[in-house]
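The values are calculated or read from the model by the stated rules, or taken from the named source; none is laboratory data. Quantities reported herein were computed from a predicted structural model and do not represent experimental measurements. For neighbour counting, all protein chains shown are included, and Cβ atoms are generated from backbone atoms with ideal geometry for every residue, glycine included.
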């Protein structure tokens, strides 16, 4: 009898191929898979998937490539809204269930059923008995997020990563709120205090508030927990100078709130809100697994909407509490598409369904781990995106250095270059990769950009 092949294994191969709408080689698929298969085994799996119609192959010999049938190839002529939808779908492999849930919350608001806060949703959760993340997911995340260091005092790992974490988390969390600062502009603001030209004061304040909040989390890891002091102070720092009522910073709301673009209405009764908030904190504090704890907070803090505004930001920073305390890789929301994140929350608000947000959380945490993993840096695992865009990266980075641009000027040059030279669906990713590379350049790494040491040193005076 032929050996039975796991449908999960086959689905993983299809998801890996789906990340490359224009087709992908066997070698690229092999390097993308989280669970490595022997190359010959992978080739047999691909042949079966092609035979079953789940994949299509084109080309011959070493140039043979695979893609998901019907996957749209993006061009400059593709309408922007379609490019964005396809881009974020291909970046994060989603299960059929998550895709179906996303389709429900993307229906016109008139077609969705109005709902209020479901008290049973939180009440049904029993810490360490109920799990939103099953054991296999928690185990995989633990393996990804555990640094290769010996046991250290709480917060040691976050302090080692502080400067990189500060920029990454401040920028990505702000970006998910629609902030238009670039990565370089954010780095410049955080490290020099210089705001970017043409940006609203609100955007600048948002990023500075993230810095103050991250400082609290990293500097006092033994004092932070899921209690009123911590969560209310996180909110106070994140919302400083951003709320019409200054006294609302760090205080539970006493007024009703609505959710833009949603049919969900949060609790409005202040005593009930206060009691539910305390119950949420008590349950979160009792959860032993750090990943379950982080995800629980990402679900229930935004769902309850305990504050007048800035609830999502508070949940994203609070989700890092267990990671910082237990010296795990932090969650900085690297590359997380805003639309998928919002749809994941809408599914929680309107359907009490976790599938989409859970898959986003798992993907985002692994993405963050890749950013901070010392082992990965030492191995120098190839980044396929960087490989494809190597010559463009060389060109724009050498331009920045030879033109002796500072961070603000460089951000403008990189963005202009990307708009002119890179396909629309990859522009934001290209900008981030180039800006990250510029922030990490040193004399030992400039040769690949065809820069001489004297050129680099002159540029450093302006940078």
Only one of 144, 170 that is within 18 Å of residue 219 (Cβ to Cβ) and within 18 Å of the chain's Cα centre (by Cα): 170
Taking segment 407-432 and keeping residues within 18 Å of residue 187 (Cα to Cα) and in contact (Cβ under 8 Å) with a residue 60 or more places away in the chain leaves 407, 408, 410, 411, 414, 415, 429, 431, 432
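Need at least 2 residues that are at pLDDT 95 or above and out of contact with any strand residue (DSSP E or B) (no Cβ under 6 Å at 6 or more places or on another chain) per element, so show me which helices (runs of 4 or more DSSP H) inside segment 304-420 make the cut, counting only ones lying wholly within it.
On the way: elements: 311-318, 321-325, 338-351, 355-372, 374-379, 384-388, 390-402.
By residue number, 311-318, 321-325, 338-351, 355-372.
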Restricting attention to segment 161-196, and to residues there that are free of Cβ contacts under 8 Å to residues at least 24 places away in the same chain and crowded, with 17+ Cβ neighbours inside 10 Å, which single residue is farthest from residue 290 (Cα to Cα)? 195
Any pair with Cβ under 8 angstrom, 6 or more apart, that starts in segment 98-114 at a residue that is within 18 Å of residue 355 (Cα to Cα) and ends at one that is not in a helix (DSSP H, G or I): 101/353; 102/94; 104/112; 105/112
Residues of segment 433-445 being touching a residue at least 12 places away in the same chain (Cβ under 8 Å) and over 15 Å from residue 186 (Cα atoms), which ones? 441, 443
Checking residue 428 against (1) surrounded by fewer than 18 Cβ atoms within 10 Å (Cβ to Cβ); (2) at pLDDT below 90, which test does it fail? (1)
Those residues that are surrounded by fewer than 17 Cβ atoms within 10 Å (Cβ to Cβ), touching a strand residue (DSSP E or B) at 6+ places or on another chain (Cβ under 8 Å) and at pLDDT below 75, I need them from segment 1-31; list them, please. 22
Filter segment 96-133 down to the residues that are assigned to a helix (DSSP H, G or I), loosely packed, with under 12 Cβ neighbours inside 10 Å and modelled with pLDDT of 95 or more and list them by number. 120, 123
